[in-house]
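Please read the structure below before turning to the comments.
The values are calculated or read from the model by the stated rules, or taken from the named source; none is laboratory data. No experiment lies behind these values; they were computed from the predicted model shown. Counting neighbours? That spans all protein chains shown, and the Cβs are built from the backbone with ideal geometry, glycine included. Just so you know, the surface numbers come from the protein's heavy atoms only, side chains and all, with ligands and any DNA or RNA stripped out. Shrake-Rupley method; radii C 1.70, N 1.55, O 1.52, S 1.80 Å.
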Amino acid sequence: MTPERFDIYDDEQNWIGTELRSEVHARGYWHRSFHCWIVRDDGNQRMVLFQRRRDIKDTFPGCYDITAAGHLTAGEQLEEASRELEEELGVHVSFESLSYLLTAKQQLQGEVRGVPFMDREFSSVYGLSLNQPLEAYTLQASEVDSLYEVPLHDLLALFRGETDTIQATGVNADQTSNLDSSSPIPERHARTIHASEFVPHGTEYYIDVLEALYHVPKG
């Protein structure tokens, strides 16, 4: 497989070239990413979906994260980035159906299996209202460990510091990847989740995005 390359930028989002993914994270080059948060309306409350990253990921393995997200590869335009929804969740929607929320400039760092990384991203963040149950998603087992949902106001309260934990329900990738019309409906499991278990995008990021999700038009 051809090694993945990203376009890289200076602090002002001026393009300066391309580099291998491994070098981008090792040297901390600025690059671009796409985030999409999915919500659904359940009676009088809005639910928000988020994923748990696979334990083999090269950044923040095993953490809870955005419903679907990914880096823009070299030469890729933002309008093409909705492919992440199809690849990770099996969702086929046009880019025009997404609601723009905000652009975040983020510098994240850490260490995975003894290898340090610096993830510097200009992230374009979108929302999507999609009224289907968790069991209807087809999760990309190589990227996504599991998919969860929780009332939007609960997740917002978690990042505002109004509660220490939330209760979420989810399905695992191995329950959804090979379903057909004759397959039994996957059984959900419950998790108690802390804010510290999410990728550290920053409290401000989470609060701004979650508040904006209330305004995404119903699907």
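Summary table
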quantity	calculated
Qualifying positions in the stretch 85-108 - within 23 Å of W15 (Cα to Cα) and out of contact with any Lys or Arg (no Cβ under 9 Å at 6 or more places or on another chain)	Y100, L102, T103, A104
Any hit, the stretch 193-207, residues being in a strand (DSSP E or B), at pLDDT 95 or above and surrounded by fewer than 14 Cβ atoms within 10 Å (Cβ to Cβ)	no
Where a residue in the stretch 118-144 is in a strand (DSSP E or B) and its partner, wherever it lies, is open to solvent by 40 Å² or more (accessible area, probe 1.4 Å) and small (G, A, S), with Cβ under 9 Å and at least six apart	M118/A26; L128/S97; L128/G219; S129/G219
Tally, over the stretch 70-98, of residues that are among the aliphatic types (A, V, I, L, M) and in contact with a Gly (Cβ under 6 Å, 6 or more places away or on another chain)	0
Hey, D145 of a type outside the set (F, W, Y), over 16 Å from the mean Cα position of the chain (by Cα), surrounded by 18 or more Cβ atoms within 10 Å (Cβ to Cβ) and over 14 Å from V209 (Cβ atoms) or not	no
Residue satisfying all of: in the stretch 3-22; within 25 Å of E111 (Cα to Cα) and at pLDDT below 95; surrounded by the most Cβ atoms within 10 Å (Cβ to Cβ) among these	R21
Residue, nearest to Y148 (Cα to Cα), within the stretch 71-104, restricted to residues that are small (G, A, S) and in a loop (DSSP other than H, G, I, E, B)	G90
